[in-house]
Every structure is written in structure tokens, then in C-alpha cells.
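Beneath this line is the structure, given in C-alpha cells, with notes to follow.
The values are calculated or read from the model by the stated rules, or taken from the named source; none is laboratory data. As the structure is a prediction and not an experimental result, all values here were calculated from the model. Note that we place each Cβ from the backbone using ideal geometry, even for glycine, and neighbour counts take in every protein chain shown. Please note that ligands, DNA and RNA were not included when accessible areas were found on the heavy atoms of the full protein model with its side chains. Shrake-Rupley method; radii C 1.70, N 1.55, O 1.52, S 1.80 Å.
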Amino acid sequence: MRRRLCLLFALACFACSAHATTIYRCTDAKGNVTMQNDTPCAPGMKQEIRTIGEVPTAPAPARRSEPAPEPSGPPAGAQFELVRGPVVDDDLPASTLAADQRKPPPALFECTTFDSETYLSESGEPESRCVLMNTVGLNGDPNFGAGAACEVKVDTCAAVTEPAALCSAWRRRIDEAKFRMTFSAGAEKARRTAEYERQRALFVDTSCR
């Protein structure tokens, strides 16, 4: 009896001491990735979060006549979730239209690469990319591989349909365009500025504001 009480007490203490930790995966305009614990990404960066360390509540035991339910997806914290990063200020001009005249923003698509990187696209046309493959010699030795080979992988894209999510995606897209414009130079600066202004113009008179 004493052993059972000690075991229950130890499990209770473990559950009380466990706490969730949020890992932030930050990608800058040049594609550089940094990982941060409990610290949001800098404004303008693509921000993905992953929460780990939570203690899930154990489900009630299933009856013998009822099969245990199959998991519907990956466990909590197994994957990164794309969220909008912090914004220093909102420098968008005020809308010139009355609230009842504003329309939803243009369509956006969230695309995923073969290695689970995500990005937003206005066209919805998935990109294809050449992924390098390891080559080996006739004897199977990788040190004697001749030339290089790649496998073509195509991204997958899905429309962002929920209104609030679409507004958030557009704000993140504009944030990222502003970040790329700020840290570019020369001819690239002019191109980035034109793209940023184009996106702002598409968004300013929408129902998101």
C-alpha cells in the first residue's frame, strides 16, 4: 500500500513540474534559419512555433468490446506551426472606402516544400525543385560516384479559405515583403520596393481592415 501511494505521489509531482516550452523557428529574408526558446522572432521574419513539454491527459480506458481510437494526426508538438510574427508598427494608409464597401483580400495559397518548409503564393501554382541525390560507383562505394543526379519534387499548395486566416496570411506576406525591401540594396531594392507597394495596394481597401 505504501509503495502504491509513493508511486502516485511521484507521478503527481512529475505532472505538476512539467511545463510547456515554445520553440520559435525564425527564417529571415535570405533564408537563414534560427531556433529560439520562448522568444518570438524579430519583426518581418517568417515565424513557426512548436510547443513541447506538455503532459497530455490520459484518456479513459476503452471497454473490452470497443477498440481504442486511432490517432487522428501527429501528437502535439511534433510539427512546427506557421504563425504571424511580431510587427513593430502598421504603416498601412487608412482605407478610402466605407466598411460596407470593402471586399475580402485576393486569394492566397500556403505551399509546402518536400522538407516541410512553408511559403505563401498568390498563384497557387506549386513550384518544382531539384533535390540532389547521392551517387555511388559500380561497387556501391559513394566515394566513386560519377557525376551528380537530382530528383524533381513538386511542392503542394492549398488555398487559405478561412477569412481570419486569410487576413493574417496577407499581413504576414506584407510584413515579409517589407523586411526583404528594408534589407536589400541597388536594383534589388527597387524591385523589392515595387513588390511591397503592390501588395500594400491590394490589401489596404479590403475587409481585413
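Here the calculated FRET efficiency for A20 and S121, from their Cβ-Cβ distance with R0 = 22 Å, stands at 0.10, rounded to the nearest 0.05.
With the simple spin-label model, which puts each label point 7 Å out from Cα in the Cβ direction, the E151 to M133 separation comes to 0.7 nm. Ranked by solvent-accessible area (1.4 Å probe, protein heavy atoms only, all chains present), the residues D155, D115, D100 order from largest to smallest as D100, D115, D155.
Compute the normalised compactness of segment 145-188: alpha-carbon radius of gyration over 2.2 N^0.38 Å, N being the residue count. All intermediate terms of the calculation are to be shown ahead of the outcome.
Working: Rg = 17.9 Å, N = 44, 2.2 N^0.38 = 9.3 Å.
Here the answer is 1.93, to two decimals.
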